[in-house]
Amino acid sequence: MATMRLSNPVFVFVSLLFVVGFTHGFVMTPRNLLGRLSESSYYLTTKELWFDQTLDHYSPYDHRQFKQRYYEFLDYFHVPDGPIFLKICGESSCGGISNDYLSVLAKKFGAALVSLEHRYYGKSSPFKSHTTENLKYLSSKQALFDLAVFRQWYQESLNLKKNKPGADNSWFVFGTSYSGALSAWFRLKFPHLTCGSLASSGVVLAVYNYTEFDKQVGESAGPECKAALQEITELVDRSLESNGKELRKQFGATELEIDGDFLYFLADAAVVAFQYGNPDVLCNPLVEAKKAGENLVAAYAKYVKDYYVGTFGVSVETYNQKHLKNTTVSEYGSDRLWWFQVCTEVAYFQVAPSNDSIRSSKVDTKYHLDLCKNLFGEGIYPEVDVTNTYYGGTKIAGSKIIFTNGSQDPWRHASKQTSSPDMPSYIINCHNCGHGTDMRGCPQSPLRIEGDAQNCSSPDAVNKVRQKMIEHIDLWLSECKGTGRSYM
């Protein structure tokens, strides 16, 4: 999904950025896309700053630290009472503060923006090698403490700059996808450090066998496109047994020697169209090819190579377990890191349902467990029950958390989709409303400046939810300090 971080009291917002990209279900940042995002209009700032972070927040004896990257953007800040948005990047390299809808909110509330990179990702790795042993400090729990420690440090730094010792600043948390979950969990675990949070497509429920994912892909595709995708899967499964080498070559994926890796690659290629608001790019040519009696596998191979690999920028090697076993640390090497979190905390195994599936039935539980063992060794297993017990899943006992989801997004079934007291939930309904639509607009590749919703099939649906978000933020900020006044 994914990812993210004065004389009078300063109001601070925490946003967890999830950069568009896609690999094995959750988001990573394709290298091609990183190049496009380097355009100045896509970022408010790319100036790197550094913070000394604690490696192990749970040990009273381990005092090791590492350098954690962050950014700040103060152009919109209304001194001294303006809010501060802390935008925390998710499970990918954080190249700066992106110019999405949060920049609109920053202008509206007169806010400064601060952004913290997630531990291990990008340039914030504590180690020079990502061996299984060295990854033991990579978890959502450690990341939440990173937020709390950084929040305290940044607040004290502001107080020193403004010569206001002991100033009591209030924070508000934002996030999308995995970072949306972190956003909700931060409010749950550190309610004294934030006035509330926005969990955009926040996947707060860890799921072992996530069959609802594939079912939603079918619903989002619609009857004709779903039928075409299912026929493609059947043809691919049959061809893989008889002529696998040529089939892989047709999709430009000869390096994916493990059948499951290849089939996961093909499944993800379809998912990305619905998740990120481009369903017609996939469905129109497939439905036309099926009606014309043309070769469906060839039509799908064209889409995969032209759009998924070409335009969207995904690298085939990110599905190759040989690549995923590489422990070398690199700024954009997020694939192994996210798989470690999958294999230890949240699973989200996107297995094929027992019937009526889109993806191949060979993408099953065994494939995922074998992958976890191959990448990280014996004894690595996703403790889904522990994660849900610790955070509460969709029964999260929090308050002042906004949950938003796009109607076409397969990740929404791991989010909280029903409202409860002090935790409103909104579904944005439209033909191409996907992952994080409230923050990123439609479609999401390349980045829509300021989260422009005009290309959503129903801009009004997006704007209505955004207005609700603004009302909740404004209310909760006013309640947080007991001022009773609007901050807009």
### Summary
The correct pair for the chain, radius of gyration to one decimal and Dmax as a whole number, both in Å and from Cα atoms, is 21.8, 74
### Task
With θ set to phi - 60°, apply the Karplus curve 6.51 cos²θ - 1.76 cosθ + 1.60 along segment 61-72 and write out the HN-Hα couplings as whole Hz, x wherever there is a Gly or Pro.
10, 8, 9, 5, 10, 9, 7, 10, 7, 8, 9, 9
### Message
Using helices alone, I'd like the mean residue ellipticity at 222 nm for the chain: each DSSP H run of four-plus residues gives -39500 (n - 2.57), total over residue count, nearest 500.
### Response
-12000 deg cm²/dmol
### Query
Ignoring any ligand, DNA or RNA, what whole percent of the accessible area of segment 125-277 comes from carbon and sulfur when the probe is 1.4 angstrom?
50
### Message
Among 217-223, 157-163, how do they line up by average Cβ neighbours within 10 Å per residue, starting with the highest?
### Response
217-223, 157-163
### Query
What is the distance, in nm, between label points placed 7 Å from the Cα along the Cα-to-Cβ direction at Val149 and at Thr328?
2.9
### Query
Hey, can you rank 229-235, 289-295 by average C-beta count inside 10 Å, highest first?
229-235, 289-295
### Task
Report the paramagnetic label zone for Lys249: residues of segment 271-314 whose backbone N is under 16 Å from a point 7 Å from Cα along the Cα-to-Cβ axis.
298
### Task
Counting other Cβ atoms within 10 Å, keep those with at most 12, restrict to DSSP loop, and tell me which chymotrypsin sites (Phe, Trp or Tyr not before Pro) in segment 47-113 are left.
Tyr58, Tyr61
### Task
Measure out, as a whole number of angstrom, how far apart the alpha-carbon centroids of segment 379-455 and segment 242-267 sit.
32
#### Entry: Note, ³J(HN,Hα) from phi for segment 373-384, Karplus 6.51, -1.76, 1.60, rounded to Hz, x at Gly and Pro
5, 5, 7, 10, x, 5, x, 9, 8, x, 8, 4
### Query
Tell me, in nm to one decimal, what length is gained between Glu257 and Asp62 on full extension, where the rule is 0.36 nm per residue of separation less the Cα-Cα distance?
66.0 nm
### Message
Looking only at the chain, where both bridge partners belong to it, what percent of the DSSP beta bridges are antiparallel (to the nearest 5)?
### Response
30
## Note on the structure
Computed over the chain, protein heavy atoms only, probe 1.4 angstrom, the accessible area per residue in square angstrom equals 36
### Query
By per-residue mean of other Cβ atoms within 10 Å, what is the highest-first order of 255-267, 467-479?
255-267, 467-479
### Query
What figure in square angstrom, to the nearest 10, would you give for the accessible area of Thr311 with a 1.4 Å probe?
70
### Message
Can you give me the % of accessible surface on segment 340-408 that is carbon or sulfur? Probe 1.4 Å, all protein chains present, nothing else counted.
### Response
49
### Query
For segment 238-294, what does the alpha-carbon gyration tensor say about shape, rounded, prolate or oblate, given a ≥ b ≥ c as the root eigenvalues, a/c under 1.5 as rounded, and a/b over b/c as prolate?
oblate
### Straight-distance crosslink candidates among aspartates and glutamates, where the alpha carbon sits under 15 Å from Lys162 and sequence neighbours closer than 8 are dropped
Asp81
### Query
So how many Lys-Lys pairs in segment 334-488 land under 20 Å Cα to Cα, not counting same-chain pairs under 8 apart?
8
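The values are calculated or read from the model by the stated rules, or taken from the named source; none is laboratory data. Please read all numbers here as calculations on a predicted model, not as lab measurements. Glycine gets a Cβ as well: all are built from the backbone with ideal geometry, and neighbour counts include every protein chain shown. Quick note on the areas: whole protein, heavy atoms, side chains included, nothing else; ligands and nucleic acids left out. Shrake-Rupley method; radii C 1.70, N 1.55, O 1.52, S 1.80 Å.
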